[in-house]
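Participant: After the structure tokens below, expect a handful of questions from me.
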Amino acid sequence: NAGVTQTPKFRVLKTGQSMTLLCAQDMNHEYMYWYRQDPGMGLRLIHYSVGEGTTAKGEVPDGYNVSRLKKQNFLLGLESAAPSQTSVYFCASSYRRGEQYFGPGTRLTVT
Amino acid sequence: QQQVKQSPQSLIVQKGGISIINCAYENTAFDYFPWYQQFPGKGPALLIAIRPDVSEKKEGRFTISFNKSAKQFSLHIMDSQPGDSATYFCAVSFSSGSARQLTFGSGTQLTVLP
């Protein structure tokens with residue numbers, strides 16, 4: 001099993017550009033999450049999903065949108081990237097309230 | 001408002017020594033206290049977790065000590081090894097609806113010298 005995979009691994013955007021980060025999991029987990037990690041701030045929850053077709057806001061949702069059209073995939077979109085969105089983004093998945101399994105991350109730089 | 005405060009920010013320990021990382025929280029509704037380990041270029045991975053009905057949990061060289069009255073919990077790494085060099089995050093959580101939302105501490109970069 002691949003576990004949780006994320007694409008792309010690295011990306012550089014110009015301010016105002018848009019992009020979508022893809023998260024895929026092959027563990028048949030119901031719940032999926034998107035976090036961002038910034039130096040000295042730990043990980044902060046952006047959005048999460050408790051099942052196909054459902055999404056909810058986390059701690060820092062502004063500037064991001066998500067979609068969960070298939071159980072195994074969770075997409076994070078940036079409609080108009082800003083330098084403040086430069087970060088490392090992690091996706092995670094879990095069975096209900098169980099252990100969260102994290103992907104390897106996507107390093108995004110917005111210039 | 002920072003819901004969990006983690007210290008120290010960095011820690012250097014000699015091989016064989018004890019590494020201790022501390023976290024403090026405010027909200028008494030939290031009911032799940034995990035520690036995550038993260039190696040450079042990788043995602044965090046669950047190391048050990050505790051619930052507030054016990055004061056200590058041990059798994060191999062890793063122990064969580066939990067002080068409910070002081071609202072503090074700590075990670076102890078016994079016989080620290082160079083392979084333990086990583087960033088450690090504490091987290092707190094409570095069940096919110098059907099999801100478990102984790103709030104992470106700011107992280108501790110541990111270096112174990114050979």
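Participant: Within 10 Å of each Cβ in peptide A:34-44, how many partner chain Cβ atoms are there on average? Round it to a whole number, please.
Facilitator: On the way: counts 0, 4, 0, 7, 1, 2, 3, 5, 15, 12, 3.
Taking the mean over all residues of the peptide, I get 5.
Participant: Related question: Modelling each spin label as a point 7 Å along the Cα-to-Cβ direction, I'd like the B:V54/A:T15 distance in nm, to one decimal.
Facilitator: For B:V54 paired with A:T15, the spin-label model returns 5.2 nm.
Participant: What is the count of Lys pairs in the protein assembly as shown whose alpha carbons sit under 22 Å apart, if the two are 8 or more places apart or on different chains?
Facilitator: Lysine pairs, 8 or more places apart or on different chains, close enough: 13.
Participant: What are the ³J(HN,Hα) values, in whole Hz, obtained from phi via the Karplus relation 6.51 cos²θ - 1.76 cosθ + 1.60 with θ = phi - 60°, for each residue of the range A:65-75 in sequence order, with x given for Gly and Pro?
Facilitator: My calculation for the range A:65-75 gives 10, 9, 8, 10, 7, 10, 4, 7, 10, 9, 9 Hz in order.
Participant: Taking each residue in A:90-99, count the Cβ atoms of any other chain within 10 Å of its Cβ, then average. What number comes out? Intermediate values should be presented prior to the final figure.
Facilitator: Details: counts 4, 1, 3, 0, 4, 0, 4, 9, 2, 5.
The per-residue average across the peptide is 3.
Participant: While we're here: Return the sequence-ordered ³J(HN,Hα) values of the range B:100-114 in whole Hz as given by the Karplus equation 6.51 cos²θ - 1.76 cosθ + 1.60 applied to θ = phi - 60°, using x for Gly and Pro.
Facilitator: So the J values, rounded to whole Hz, are 10, 8, 8, 10, 9, x, 7, x, 10, 8, 9, 10, 10, 7, x.
Participant: Using +1 at the Cβ of each Lys and Arg and -1 at the Cβ of each Asp and Glu in the protein assembly as shown, identify which of B:I20, A:L45, B:S69 lies farthest towards the dipole's positive end.
Facilitator: A:L45
Participant: Something else about it: ³J(HN,Hα) across the range B:14-23 via Karplus (A = 6.51, B = -1.76, C = 1.60, θ = phi - 60°), whole Hz, x for Gly/Pro?
Facilitator: Taking θ as phi minus 60°, the curve returns 7, 3, x, x, 9, 9, 10, 10, 10, 9 Hz for the range B:14-23.
Participant: Related question: Could you tally the net charge around A:E30, taking each other residue with its Cβ under 9 Å from the Cβ of A:E30, Lys/Arg +1 and Asp/Glu -1?
Facilitator: Values: positive: A:K71, A:R96; negative: A:E52.
Local charge sum for A:E30: +1.
Participant: While we're here: Per residue Cα convex hull volume for chain A, in cubic angstrom? Could you put the intermediate results ahead of the total?
Facilitator: Numbers: hull volume 10.0 nm³, N = 111.
Measuring per residue, one finds 90 Å³ for the Cα hull of chain A.
Participant: Taking amide hydrogens as modeled 1.01 Å from N in the peptide plane, which residues meet the under 5 Å criterion relative to A:L13, leaving out close sequence neighbours?
Facilitator: It is A:T109, A:V110, A:T111, by chain and number.
Participant: Tell me, what is the 1.4 Å probe accessible area of A:T15, in Å² to the nearest 10?
Facilitator: Counting only protein heavy atoms, A:T15 exposes about 80 Å² to solvent.
Participant: Using alpha carbons only, what's the Rg to Rh ratio of chain B with Rh from Kirkwood?
Facilitator: Numbers: Rg = 13.7 Å, Rh = 14.2 Å.
Computed over Cα atoms, the ratio is 0.96.
Participant: Could you list, bin by bin from short to long, the percent of Cα-Cα pairs of the range B:45-101 in 10 Å steps?
Facilitator: 19, 48, 27, 5, 0
Participant: Taking the protein assembly as shown as the region of interest, what is the percent of Cα-Cα pairs per 5 angstrom bin, listed from the shortest bin to the one with the maximum distance?
Facilitator: So the P(r) values, bin by bin, are 1, 7, 15, 18, 18, 16, 12, 8, 4, 1, 0.
The values are calculated or read from the model by the stated rules, or taken from the named source; none is laboratory data. Everything quoted here is computed from the prediction, not taken from an experiment. Cβ: placed from backbone, ideal geometry, glycine included. Neighbour counts: every protein chain shown. Note: accessible area is taken over every heavy atom of the protein model, side chains too, but ligands, DNA and RNA are not part of it. Shrake-Rupley method; radii C 1.70, N 1.55, O 1.52, S 1.80 Å.
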